[in-house]
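The next block holds one structure in the form of structure tokens; read it before the comments.
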Amino acid sequence: MDSKLTIEAQRFKKIREELRHTQQSFAELLDIGATTADIERGKTKITGKIVMELMLQFNINPLWIYGKSFEKHIDTSKGDVSPKIITLDASGNDSILLVNQKAAAGYPNNIHDMGWYQTLPAFNIPLPEFRNASYRGFQVEGDSMLPSIKPNEWVLGRAVPSINEATDSKIYIVVLRDSVLVKKLQKVPNNPQAIRLISLNDEYLPIDVKVRDVQELWQVNSKLSFGVDEPSESNLLRQLQQSMDELKGQISSLK
């Protein structure tokens, strides 16, 4: 029977049993009414509120609940930066939330609020590059990542469960306690409690932040651009071709 249940339902039950709670006592602990038994039978889906409570009360890793991480528990002292809320579509698949510049300003303060996430647009990309992980899209503000990423472009990032799994010189969406930044990440030598955030635009100086101030981390793997500028070389070639055509016309008229 359990093999037919979703992995989140199986792991929810596993957590309850390991904590030696009855279905009723666990429901009271999580303040979720009488839905515990329905979750374990697969009749009711786990809500963001439940995921948040499991994380806050027992340090349960949200990615582990959905089978996307081998790490069952999170530990902020070790730089755990897993998503605080996992969003699913009507079919139970991960959906990609889009966080525009205005929403990003409030993202750090609403990071545990499932209702707030539901106000954001979401979509799915049925490509292999977007399987077996959680992704989120953020709109870039400012020109600090020029020339690779332009202002107002969108970047899509894959969830990173721990700072320890971050790779030097890769670009990340870094959710701090008061802001959301898109930067190249670098470990600070001899200081595991800090990371360095580097802009691609040389006009901006690197920023050192404490690991404990990083709430979430998403590794950028693609971007969305709306409106493609034609290369300057193409404009030049067109101008040269037009000049040649005009010159040919003038020569023909003299014959």
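The values are calculated or read from the model by the stated rules, or taken from the named source; none is laboratory data. Because the structure is predicted, anything quoted here is derived from the model rather than measured. Cβ: placed from backbone, ideal geometry, glycine included. Neighbour counts: every protein chain shown. Ligands, DNA and RNA are stripped out before the accessible areas are found, and what is left, the full protein with its side chains, is counted by its heavy atoms. Shrake-Rupley method; radii C 1.70, N 1.55, O 1.52, S 1.80 Å.
Where a ≥ b ≥ c are the square roots of the eigenvalues of the C-alpha gyration tensor, would you call segment 159-219 rounded, which needs a/c under 1.5, or, failing that, prolate if a/b is larger than b/c, or oblate?
Numbers: a/c = 1.36, a/b = 1.19, b/c = 1.14.
Note, shape of segment 159-219 comes out rounded.
Could you give the accessible area per residue of segment 52-179, probe 1.4 Å, as a whole number in Å²?
Values: 6050 Å² over 128 residues.
It amounts to 47 Å² per residue over segment 52-179.
Do you know the relative contact order of segment 39-157, to the nearest whole percent, from alpha carbon pairs under 8 angstrom that are 6+ apart? Kindly include the intermediate steps, with their values, before the conclusion.
Numbers: 140 pairs, mean separation 24.1, N = 119.
About 20 percent, as a whole number.
If you place +1 on the Cβ of every Lys and Arg, -1 on the Cβ of every Asp and Glu, and leave all else neutral, what size is the dipole of segment 54-177 about its Cα centre, to the nearest 20 Debye?
Values: 11 positive and 12 negative charges, 18 e Å.
Rounded to the nearest 20 debye, it is 80 debye.
Pulled fully out, how much extra length does the chain show between N100 and K170, if you take 0.36 nm times their separation in residues and subtract their Cα-Cα distance?
On the way: separation 70, 0.36 × 70 = 25.20 nm, distance 2.19 nm.
Here the answer is 23.0 nm.
Roughly to the nearest percent, how much of the accessible area of segment 1-56 is carbon and sulfur, given a 1.4 Å probe?
Details: 1720 of 3350 Å².
Carbon with sulfur: 51 percent of the solvent-accessible area.
So what are the radius of gyration and Dmax for the Cα set of segment 136-187, in Å?
Just the Cα atoms of segment 136-187 yield Rg and Dmax of 11.0, 30 Å.
Per 0.36 nm of contour for each residue apart, how much would the distance between D208 and E17 grow if the chain were fully extended, relative to their Cα-Cα spacing? Provide the component values of the computation, followed by the final result.
On the way: separation 191, 0.36 × 191 = 68.76 nm, distance 4.24 nm.
Extending this stretch completely gives an extra 64.5 nm.
Shape verdict for segment 36-117, please, from the Cα gyration tensor: rounded (a/c under 1.5), prolate (a/b greater than b/c) or oblate. Don't skip to the end; give the middle numbers.
Values: a/c = 1.79, a/b = 1.17, b/c = 1.53.
It comes out oblate by the Cα gyration axes.
Would you mind computing Rg(Cα) / (2.2 N^0.38 Å) for the chain, counting N as its residues? Intermediate results must be reported in sequence, preceding the final value.
Numbers: Rg = 24.3 Å, N = 255, 2.2 N^0.38 = 18.1 Å.
Ratio of Cα Rg to 2.2 N^0.38 Å: 1.34.
In whole percent, what relative contact order does segment 1-77 give with Cα contacts below 8 Å and a gap of six or more residues? Write down the numbers at each step before the final one.
On the way: 66 pairs, mean separation 21.2, N = 77.
Computed over segment 1-77, the figure is 27 percent.
For segment 60-171, what class follows from the C-alpha gyration tensor (a ≥ b ≥ c being the square roots of its eigenvalues): rounded when a/c is under 1.5, otherwise prolate if a/b is larger than b/c, else oblate?
Values: a/c = 1.44, a/b = 1.21, b/c = 1.19.
Rounded.
Compare the Cα positions of L146, N191, L56 along the charge dipole of the chain (+1 at Cβ of Lys, Arg; -1 at Cβ of Asp, Glu; about the Cα centre) and return the one farthest towards the positive end.
So the residue we want is L56.
For the chain, calculate the relative contact order in percent as a whole number, restricting contacts to Cα pairs under 8 Å that are 6 or more residues apart. Provide the component values of the computation, followed by the final result.
On the way: 407 pairs, mean separation 37.7, N = 255.
Rounded, it is 15 percent for the chain.
Tell me the Kirkwood hydrodynamic radius of segment 1-72 in angstroms, computed as one over the mean inverse distance between distinct C-alpha pairs. Walk me through the numbers on the way to the answer.
On the way: mean 1/r = 0.0827 Å⁻¹.
With all distinct Cα pairs of segment 1-72 included, I get 12.1 Å.
Quote the charge dipole size of the chain about the Cα centre in Debye, to the nearest 20; the model charges only the Cβ of Lys and Arg (+1) and of Asp and Glu (-1). Kindly include the intermediate steps, with their values, before the conclusion.
Details: 31 positive and 32 negative charges, 102 e Å.
Approximately 500 debye in magnitude.
For the pairs K72/K184; K45/K72; K14/K43; K150/K210; K49/K223, flag any whose C-alpha to C-alpha distance is greater than 23 Å.
On the way: K72/K184 28 Å; K45/K72 20 Å; K14/K43 17 Å; K150/K210 27 Å; K49/K223 30 Å.
Exceeds cut-off: K72/K184; K150/K210; K49/K223.
So how far, in whole Å, is the C-alpha centre of segment 99-148 from the one of segment 183-218?
20 Å
Bins of 5 Å, beginning at zero and ending with the bin holding the largest distance: percent of Cα pairs per bin for segment 12-52, please.
Answer for segment 12-52: a P(r) of 5, 27, 37, 27, 3 percent.
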